[in-house]
Amino acid sequence: MDLSENFFALYQLEPGFEIDMAALKSTHRQLQMQCHPDKFAAGSAQEQRVAVQAMAYVNQAFDTLSVNVKRAEYLLDLAGIESNLENQTHQDPMFLMQQMEWREELAELRQLLSRDEAAAESKLQSLMSNQKKLEKQIEADFVRLYEQGDYPACVAPLAKMHFTSKFAKELRAAEDELLDLD
Amino acid sequence: MLLQISEPGQSAKPHERKLAIGIDLGTSNSVVATVRSGEPVVLADEQDNSICPSLVHYTAEGGVVVGQAASEKLLSDPANTINSIKRLMGRGVEDSASLGQSLPYTFTEKEGSGVPYISTVAGEFSPIEISSEILKHLAALGERSLSSGSASELDGAVITVPAYFDEAQRQATKDAATLAGLKVLRLLNEPTAAAVAYGLDKQAEGLIAVYDLGGGTFDVSILRLSKGVFEVLSTGGDSALGGDDFDQAIVDWVLNESAHAKTLEPVEQRALLLKARDAKEQLAGSHSTTIEFNNQLFELNRETLAEVLQPLISRSIKSCRRALRDADISAEDVDNVVLVGGSTRTLAVREAVANLFGQEPLSDLDPDRVVALGAAIQADILVGNKPDSDMLLLDVIPLSLGIETMGGLVEQIISRNTAIPVAKAQEFTTFKDGQTAMAVHVLQGERDLVSACRSLARFELRGIPPMVAGAAKIRVVFQVDADGLLMVSAEELTSGVKTSVDIKPSYGLADDDISRMLQDSFSHAKDDMKARALREQQVEAERVLEALVPALEADGDLLSEQERQTIVQAMEALLQTRQSAESPRDIEAAIEVVAQCTDDFAARRMDRSIKSALAGQNLDDIDS
């Protein structure tokens, strides 16, 4: 579907990492009102098919723009940089150390889950706050390099963003288990 | 020349009110409602029953009895009286075997289908066929009360499903509706329907929690409302927790108190379950009651009931916590709590919910009718009776979709709580030289292991051009529509060959099964089936033409003169065929021709409507 050449243009936003979330959401509302298949529920099969495709495209665009790591990846995509993330993080020994440390702490947290709920809770909180801190730093790196126009160099912070967001997911999974203990 | 399309008798008059119903297809009870003079009302049968027990009784003569009339057979003929069929919808043979232990039915498996069939004196029936009997019954009730004497057809129905239903269960529900001859406007989540019934859409904005404890399923949904748009932020629940389990817990308590052997004959089991249910219902109004069993009287009071039910209720509260977490909000953020389902009449349930959310839940509307009322309101809007309504109910996919990879692992393709409709593409390649086919296994669930997820479908990609291993690039697109139903298409990118996708639903019915069942149900009246198929195609032809006439008027400038000519010719051919054709296939073919030459036009129109809507928004921004 040729809705627009890129997601930023569809949402009438300047391409960039920092975006106006409120504007993104309000435009999304407009788009939903326009192309949701429910607006064509009494219509022909063709109208419904077109609406499903349009809405799926719009939802994909919204998902890409609203999630930081996906938006960063998409920006590099638009800049023609293939962000093949294999082996990227290994070029930064400091970050590699950090990853290993966190993995160990996560393993410790998992063990605590069955033994000491309060200790698990406090470890989880500290890991979560560290994760957020690091995420902010990496995002700032990405923005700096992106604004300098050094797109190939952006791949490294993007790879780190992938790690931190994956780590955040694992922390959430641990939080899930904590909730189940109640 | 196109004016004749809107002449009376050839298509619906633009302001004619359409007949639409909302159906709450419940585990224990089902309800049908409609909007009459702007107000949603529940429809009752001749005996003034508005709550229809979800019971189907098969007689030796091949007859089918549904609802209240079937309830008399529950005790006298349990093996031929099917109860709680919703629990088996979209389930496989293995699930049914484990669920079936407490059920008095005989299950059989039809070869290769994977779907459990229930043996009755009238033959073997799948859960989809049994459900469709309930839907037919409710649709007939709707038609009778709506048509006011003159024969009239329903234009569409909204059918509710638990928010927790996976793809196979939703597909099974839609198949049942198709089999019952209903046009499904939308499968709507039960909690969303309940929120709509309470008119919460009239508030400017807010967060709503819907706690729905029905006969057989528990759902909790967190909805966000803003400017008429309902958004499901998260859903959770338990597809095997409900009032039936409460009744069973009470039965277990009685058996425990009486030190009776745990195994009861089916008839005894049913009788005691009914007594347990009565006692539970009485305790909603009084403080204590008695249950008679084995010539002994057992006193049950509210405190004991609360203790007996505590493990079940706390399972539901845990699901609520998880749903709140998934929605990224805390219990205090919730503005309204809505209670749905007969089991929320139990005092201990209300207390637990009020305690969690720190507020009294809404319960003014009958918790057994509230879902059907909301479904009716939505059906009225979707069928087109309220063109100015700006209500929009947005949904998310309740469980992640993924595919099987090496080593029995699942790779997620679309994750839980993603807004639908959604489409995701995945690229595959071949691992052997000259490989021309590959198998794809689609699963739904949150776990990493194939064995822990629900198998939805297996399909084969065929016709891949022979190449060296790893050279083929097969792009598979998984598309989930607004009802949460999955469609898969595939293309080999290097050659552009569209590979055939042959989906075999693991627990559902293939299209062939559906048409066979349709044929079976019309086996004594072949003409009926043909007449119905013809009527369906005629209606679809009307929809196509009705949509195109104003479209050409409004956006005809998007077409070249030649394109316009082609479209007009195809439309005239369709109009001709619609009036004269005796075979539904001829009309279908003519519709296909129109669809093919208007696909681009439809896409261009969507593009334009989006751009003009956004342009309008910008003007508003400047004004404010």
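The values are calculated or read from the model by the stated rules, or taken from the named source; none is laboratory data. All of these numbers come straight from a predicted model, not from anything done at the bench. For neighbour counting, all protein chains shown are included, and Cβ atoms are generated from backbone atoms with ideal geometry for every residue, glycine included.
Would a scan of the stretch B:533-549 turn up a residue that is away from every other protein chain (no Cβ under 14 Å), among the small types (Gly, Ala, Ser), surrounded by 14 or more Cβ atoms within 10 Å (Cβ to Cβ) and out of contact with any His (no Cβ under 8 Å at 6 or more places or on another chain)?
yes
I'm trying to understand the selection: among the residues of the stretch B:275-304, which are surrounded by 14 or more Cβ atoms within 10 Å (Cβ to Cβ), aliphatic (A, V, I, L, M) and over 13 Å from B:Asp252 (Cβ atoms)?
Across the stretch B:275-304, the qualifying residues are B:Ala279, B:Leu283, B:Ala284.
Among the numbered conditions (1) within 23 Å of B:Gly445 (Cα to Cα); (2) modelled with pLDDT of 95 or more, tell me where B:Pro191 comes up short.
So B:Pro191 meets the others, but not (2).
Being more than 10 Å from B:Ile222 (Cα to Cα) and hydrophobic (A, V, I, L, M, F, W, C) is the filter; apply it to the stretch B:305-335 and report the residue that is surrounded by the fewest Cβ atoms within 10 Å (Cβ to Cβ).
In this case the residue turns out to be B:Ala331.
Do we find a residue being within 29 Å of the chain's Cα centre (by Cα) and farther than 30 Å from A:Lys169 by Cβ anywhere in the stretch B:313-320?
Yes, the conditions are met somewhere in the stretch B:313-320.
Going through the stretch B:449-486 one residue at a time, which ones are modelled with pLDDT under 85 and within 14 Å of another protein chain (Cβ to nearest Cβ)?
Correct list: empty.
B:Phe246 is checked against (1) within 25 Å of B:Leu75 (Cβ to Cβ); (2) under 21 Å from the mean Cα position of the chain (by Cα) and fails just one. What number does that condition carry?
B:Phe246 satisfies all of (1) within 25 Å of B:Leu75 (Cβ to Cβ); (2) under 21 Å from the mean Cα position of the chain (by Cα) except (2).
Can you confirm whether B:Leu185 is surrounded by 24 or more Cβ atoms within 10 Å (Cβ to Cβ) and either at pLDDT 90 or above or farther than 30 Å from B:Leu324 by Cα (or both)?
So B:Leu185 fits the description; yes.
Say whether the condition of being on the phi > 0 side of the Ramachandran plot, outside any strand (DSSP E or B) and at pLDDT below 95 is met by at least one residue in the stretch B:260-276.
Within the stretch B:260-276, not a single residue is on the phi > 0 side of the Ramachandran plot, outside any strand (DSSP E or B) and at pLDDT below 95.
Looking only at the stretch B:355-401, count every residue that is within 14 Å of chain A (Cβ to nearest Cβ) and in a loop (DSSP other than H, G, I, E, B) and tell me the total.
11
Take B:Val66 and tell me if it is among the hydrophobic types (A, V, I, L, M, F, W, C), modelled with pLDDT of 90 or more and in contact with a Lys or Arg (Cβ under 6 Å, 6 or more places away or on another chain).
No, not satisfied.
For the condition within 14 Å of another protein chain (Cβ to nearest Cβ) and out of contact with any Phe, Trp or Tyr (no Cβ under 7 Å at 6 or more places or on another chain), what is the one hit in A:Leu109, A:Leu179?
A:Leu179
Hey, any hits in the stretch B:152-164 for a residue that's more than 18 Å from B:Ala379 (Cβ to Cβ) and surrounded by fewer than 24 Cβ atoms within 10 Å (Cβ to Cβ)?
Checked against the condition, which is being more than 18 Å from B:Ala379 (Cβ to Cβ) and surrounded by fewer than 24 Cβ atoms within 10 Å (Cβ to Cβ), the stretch B:152-164 yields at least one hit.
Just name the residue that is nearest to the other protein chains (Cβ to nearest Cβ) out of those in the stretch A:17-52 that are of a type in the set (Gly, Ala, Ser) and surrounded by fewer than 20 Cβ atoms within 10 Å (Cβ to Cβ).
A:Gly43
Of the conditions (1) under 32 Å from the mean Cα position of the chain (by Cα); (2) within 14 Å of chain A (Cβ to nearest Cβ); (3) modelled with pLDDT under 90, B:Ile587 satisfies every one except a single condition; which number is it?
(3)
Report yes if B:Arg578 is within 14 Å of chain A (Cβ to nearest Cβ), under 19 Å from A:Glu47 (Cβ atoms) and of a type in the set (Lys, Arg), otherwise no.
Here the answer is yes, as B:Arg578 does meet what is asked.
Tell me yes or no: at least one residue of the stretch B:339-356 is under 30 Å from B:Ala271 (Cα atoms), buried (at least 20 other Cβ atoms within 10 Å of the Cβ), charged (D, E, K, R) and touching a residue at least 12 places away in the same chain (Cβ under 8 Å).
yes
In the set B:Lys526, B:Lys530, B:Lys498, B:Lys504, which member is touching a Pro at 6+ places or on another chain (Cβ under 8 Å), at pLDDT below 85 and over 17 Å from B:Ala176 (Cβ atoms)?
Answer to the selection: B:Lys530.
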